Amino acid sequence: MNPRHQAILRQIQATEPGRGDVKQRPEHLGTTRLWYGLKNAQSRAILIDFISSHKDLSYSDWLALIDALYHGDSYEERCAPRTLLLKFPRYRRALPLAQLDAWLGCLNGWAEVDSACQTVFSAGDLLADWEGWSALLQSLAADDNVNKRRAALVLLTAPISQSADPRILNLSLTLIDRLQGEKDGRITKAISWLLRKGVKQQREAIAAYVDANAAALPAIAVRETRRKLATGKK
């Protein structure tokens, strides 16, 4: 085992599970992996402590550690790379998109996918390599793996709320058009999420799109987006 991975795993195993968080259970997280029961804040603290002791971590060691964690046996290991991605922005921006694609193939269930995709990559990240990101997201949306299809949508939830660039809106709606007929909750809820996040920068366009496509969109997406438009609340 990668020695840095081993050190993080030992900390995960030695941490007393958090109490009182009734929402965070394996069945709610969509995982069937080994689950140590740590709260998200506990897992993040372990990684923050690790990073504070490894500020000189090289790019190659960073890549190797994330790869090892994404092949770990437990839910906590597979969610741990989120903090490493966020706290090493220079390395994250240098990450080959083919490597990200491969890592997304290691994830299962909405919580694991979202740990890698939600607010990790910004509008600036995508626009700096729009051709590459556009190709990746379209490929993910067409993948046989439902977790990758969810990832295609979730990766856009932060960028669409951060930038009014029409390329982000247009790609988001293109992917929603492709996936709107699916019934899996991982997809229907992600469509709703992406549309609602789009309201901040693209209110009129989102409202028009929902009105024009209400019959084809998942009912939850239509209902929740119209509520967002009407009240400003989820």
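The values are calculated or read from the model by the stated rules, or taken from the named source; none is laboratory data. What you see is a predicted model, and the numbers here were worked out from it, not measured in a lab. Ideal geometry is used to build each Cβ from the backbone, glycine not excepted, and the neighbour counts take in all protein chains shown.
Okay, here's what the table says:
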{"item": "Count of residues meeting criterion [in contact (Cβ under 8 Å) with a residue 12 or more places away in the chain, surrounded by 15 or more Cβ atoms within 10 Å (Cβ to Cβ) and on the phi < 0 side of the Ramachandran plot] in segment 32-50", "result": "12"}
{"item": "Boolean, residue 122 is out of contact with any Lys or Arg (no Cβ under 6 Å at 6 or more places or on another chain) and among the small types (Gly, Ala, Ser)", "result": "yes"}
{"item": "Those helices (runs of 4 or more DSSP H) lying entirely in segment 104-168 with at least 3 residues over 13 Å from the mean Cα position of the chain (by Cα)", "result": "123-128, 130-141, 157-162"}
{"item": "Residue among 225, 174 that alone is among the hydroxyl-bearing types (Ser, Thr, Tyr), out of contact with any Cys (no Cβ under 6 Å at 6 or more places or on another chain) and surrounded by 22 or more Cβ atoms within 10 Å (Cβ to Cβ)", "result": "225"}
{"item": "Matching residues, segment 204-217, being in a loop (DSSP other than H, G, I, E, B), in contact (Cβ under 8 Å) with a residue 24 or more places away in the chain and either outside the structural domain of residue 113 (by TED's automatic domain parsing) or surrounded by fewer than 22 Cβ atoms within 10 Å (Cβ to Cβ) (or both)", "result": "216"}
{"item": "Residue list for segment 59-108, restricted to those being hydrophobic (A, V, I, L, M, F, W, C), touching a residue at least 40 places away in the same chain (Cβ under 8 Å) and more than 19 Å from residue 34 (Cα to Cα)", "result": "64, 65"}
{"item": "Test: residue in segment 196-203 that is in a helix (DSSP H, G or I) and under 19 Å from residue 107 (Cβ atoms)", "result": "no"}
{"item": "Which listed residue is without any contact (Cβ under 8 Å) to a residue 40 or more places away in the chain and either within 16 Å of the chain's Cα centre (by Cα) or not in a helix (DSSP H, G or I) (or both), from 174, 188", "result": "188"}
{"item": "Residues (in a loop (DSSP other than H, G, I, E, B), under 15 Å from residue 113 (Cα atoms) and of a type outside the set (Gly, Ala, Ser)) located in segment 64-96", "result": "71"}
{"item": "Scope segment 24-63; condition in a helix (DSSP H, G or I) and within 16 Å of the chain's Cα centre (by Cα); matching residues", "result": "29, 40, 44"}
{"item": "Looking only at segment 118-170, and only at residues there that are hydrophobic (A, V, I, L, M, F, W, C) and touching a Gly at 6+ places or on another chain (Cβ under 8 Å), the one that is nearest to residue 194 (Cα to Cα)", "result": "160"}
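Listed here are the residues, each with its yes/no results for (1) among the aliphatic types (A, V, I, L, M); (2) within 23 Å of residue 149 (Cα to Cα); (3) assigned by TED's automatic domain parsing to the domain that holds residue 131; (4) surrounded by 15 or more Cβ atoms within 10 Å (Cβ to Cβ).
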site: 59; (1), (2), (3), (4): no, no, no, no
site: 67; (1), (2), (3), (4): no, yes, no, yes
site: 70; (1), (2), (3), (4): no, yes, no, yes
site: 74; (1), (2), (3), (4): no, yes, no, yes
site: 77; (1), (2), (3), (4): no, yes, no, yes
site: 106; (1), (2), (3), (4): no, yes, yes, yes
